[in-house]
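Worksheet for the structure shown next.
The values are calculated or read from the model by the stated rules, or taken from the named source; none is laboratory data. As the structure is a computational prediction, the values presented were derived from the model and not from experiment. All Cβ positions, glycine included, derive from the backbone under ideal geometry; neighbour counts span all protein chains shown.
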Amino acid sequence: MDSVNILGKVIEISHSNLEIASRIEAILNILAHEMHIEEAALYTLDKDKRLSCRFMNRTSRLFGILSGYRCHVGEGVVGTVAQKRVPQYFTSRNVPPRFGCLFYADLDGATDRYKAFAFLPLSDDSFVYGVLLLCSSGRETIVDSEKIVLSIISRELGGILHTYDLLVSSKKRISELATLSELGRVLTSATEPHLLLQNIATITAKSFNAAFTTIKLAHSFVRLDFQRFTSGEIDAAIEGPLRDLESEALRLRRATSLGDHPLEAAPNGGRLALYCTPILSKDRVLGTITFCKKSEQQLAMEEDDQYLVSAVANYISSGLETSFLNTKLRDVLKELGDAQKRVIEHEKLRSLGEMTASIAHEIRNPLVIIGGFTKRLARQVQIDEKDNRYIEIIIGEVARLETILNEILDYVKDTPLLQEPCNANSLLDEILYLLASDKIWERVRIVKGYQAELPSVVCDVHQIKQVFINIILNAFQAMGGGGTLTVRTEKALYQDRSCVKVSVADTGGGIDPSLLDNIFNPFFTTKERGTGLGLAISNKIVMHHDGHIEVRNRAGEGATFGIYLPINSKTQTREG
Amino acid sequence: MKPATILIVDDEEHIRLLFKEELEDEGYTVDLASNGLDALDKLKRSAYSVIVLDIKMPGMDGIQTLAEIKKINKDQPVILCSAYGEFKQDFASWVSDGYIVKSADTRELKEMIRRVSGV
């Protein structure tokens, strides 16, 4: 054996640009070839402190057997060499019964023909990276000069394995950093919680090479429409175990896992492992994030991965908190914007109102004069029937103008509320009785659905009466004088306040949806002869009572107006 | 029985004319004033069963005039008559006897005068 030649080749390969695995295999081949050894196998030390046979020379026959088993440090010859870091050499006469975790019997017929064995630790001064195993059938022993060469080569192999470890762990760190930075990017860019969670699921599924990643929000913390955000597909067979695991993690408030779950539905009879971590925020449990790994990959979560998973969970928790704060902030801003809009609208209406009021007043005097003198004419002058009709028209139109002025001024003025208890059922009965006694109501069927023992509302009865009349008359007019008018009363909630709700439904075909937004605006009307103030005034009155009017279209049927009046008005509560 | 005398106070000439004729038809004697000072002047010289007083007038407005009238005779019946409906709630605090929104239909005015004057 030419030691210098061997070492030269080994060192050349060791420092080459070849991939780590190729370097190791090339060295094993040189060793086998130059030293006339049939078997050159290399065990590496895994993260879980077990040795597994990963590399071999080209002609190895044992590798197929050896690679199927892993052994602990200290177990068998391989384990002992790794533990003591001392090479051991045997002949067929003194070889121990166990190489690694294998019993001799397992190697029956395979090892019989070998006569010389060498076990060399692959280590540097501080750490062992693996074990080199050599078996030869052609040679009786390994001589001392060869042992020196082997110890140098095993040092070299140890160095390569060390490099390999460093490379793997730095690759892993880089990928972790990439994941974290991607998560960071998502957290800073996505403000919508559901978008945020979906993105996190996608990124982490990719990063952990998971079959799926699923984030589930806890029941106590669901403010979103969806509860589950998943990247990848959750197999039906795993759904049950997944839910159990999630509840377990929520209950224990720590990571839990479910290893090696057989997946019946999988096409290749695959097996899955689940790893679930709770997402904690200060003292709250927001939900869980679960990774699912397929069996072909490594099933168990490594310790490093667990750190990453809990980092991801922390990211989600802070992301959710930020996102919810954002949402809250946005809502508040929107509310503020709405309030501001209302103030501006109110101001506009007020100045419009003031202008309108002054015009209305200016108009009233001439109107009274025209109307008044026309009436006198009608009484005093002898005129024919035709002229009389003209005069009647003038008087009628003046009366109409006066009504319009009254309505405008009603809208414009801010009347202080007179507060007194009022029973909506009796008030509605009174109104309906008065209205329906008119002949033009003959073709209207009135259906009443009153809630018995309805609580009283404290309100300005006169104004509320005006509201009910306005809305009932609108319904009447919408039905062209014939149809079914349904009036209901009930207890209901509006903005968490107990209210009496009065619903007025007509069968007048409903309101054009494009007009729905405008019907409460002053001066908006669809009637040929309307001021457009009826609903505006009604709405204003109800708002003064801290109530609310809503409109619902029943397509093709009619419209339903709902009037909510608080049982205790705010003013009342404050004073009482 | 001597017919009741009414004083109409309004800055609008045609309103005065309309009310005068309408009330005279009812048998009242009607006197006219075109502003507050004019009205006070007339009140110092004659007695009226009812004064119908406009509110918005140039110079001394109806509310000021009302106070002056009550100083002269605190029992003088006064009806406020205005184009403004929004003061209706306040008339009680102005110690008037009635408040009416001007209308071409004078029936309400006549009815109120009948009630206030007792004639």
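General remarks:
- Selected residue (only one of A:GLN463, A:GLN419, A:GLN477 is away from chain B (no Cβ under 14 Å) and either in contact (Cβ under 8 Å) with a residue 60 or more places away in the chain or in contact with a strand residue (DSSP E or B) (Cβ under 6 Å, 6 or more places away or on another chain) (or both)): A:GLN419
- Restricting attention to segment A:371-389 and to residues that are surrounded by 12 or more Cβ atoms within 10 Å (Cβ to Cβ) and more than 7 Å from chain B (Cβ to nearest Cβ), the residue that is farthest from B:TYR84 (Cα to Cα) turns out to be A:ILE383.
- Residues that are assigned to a strand (DSSP E or B), within 57 Å of the chain's Cα centre (by Cα) and modelled with pLDDT of 85 or more occur in segment A:72-82; there is at least one.
- Residues (outside any strand (DSSP E or B), over 26 Å from A:ASN406 (Cα atoms) and more than 47 Å from the chain's Cα centre (by Cα)) located in segment A:440-473: A:GLU442, A:ARG443
- Residues considered: A:LEU432, A:LEU428, A:LEU454, A:LEU409. Of these, the only one that is touching a helix residue (DSSP H, G or I) at 6+ places or on another chain (Cβ under 8 Å) and within 13 Å of chain B (Cβ to nearest Cβ) is A:LEU409.
- Residue count, segment A:1-53 (criterion: at pLDDT 90 or above, among the hydroxyl-bearing types (Ser, Thr, Tyr) and loosely packed, with under 14 Cβ neighbours inside 10 Å): 1
- Among the conditions (1) surrounded by 16 or more Cβ atoms within 10 Å (Cβ to Cβ); (2) at pLDDT below 90; (3) more than 26 Å from A:ASP305 (Cα to Cα), A:LEU183 misses just one, which is (3).
- Qualifying residue in segment B:35-46 (condition: closer than 27 Å to A:ASN406 by Cα, at pLDDT 90 or above, within 11 Å of the chain's Cα centre (by Cα) and among the aliphatic types (A, V, I, L, M)): no
Residue-wise test of (1) crowded, with 20+ Cβ neighbours inside 10 Å; (2) under 11 Å from the mean Cα position of the chain (by Cα); (3) modelled with pLDDT under 90; (4) under 22 Å from B:SER34 (Cα atoms).
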{"residue": "B:ASP54", "(1), (2), (3), (4)": "yes, yes, no, yes"}
{"residue": "B:GLY62", "(1), (2), (3), (4)": "yes, yes, yes, yes"}
{"residue": "B:ALA67", "(1), (2), (3), (4)": "no, no, yes, yes"}
{"residue": "B:GLY85", "(1), (2), (3), (4)": "yes, no, yes, yes"}
{"residue": "B:GLN89", "(1), (2), (3), (4)": "no, no, yes, no"}
{"residue": "B:ALA92", "(1), (2), (3), (4)": "no, no, yes, no"}
{"residue": "B:ILE100", "(1), (2), (3), (4)": "no, yes, yes, yes"}
{"residue": "B:GLY118", "(1), (2), (3), (4)": "no, no, yes, no"}
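- Any hit, segment A:242-264, residues being modelled with pLDDT under 80 and either assigned to a loop (DSSP other than H, G, I, E, B) or of a type in the set (Val, Ile, Thr) (or both): yes
- Yes/no for A:VAL551 being under 18 Å from A:ALA505 (Cβ atoms) and either part of a helix (DSSP H, G or I) or modelled with pLDDT under 65 (or both): no
- Of the residues making up segment A:424-449, those that are surrounded by fewer than 16 Cβ atoms within 10 Å (Cβ to Cβ) and either under 18 Å from A:TYR564 (Cβ atoms) or polar (S, T, N, Q) (or both) are A:SER426, A:SER437, A:GLY449.
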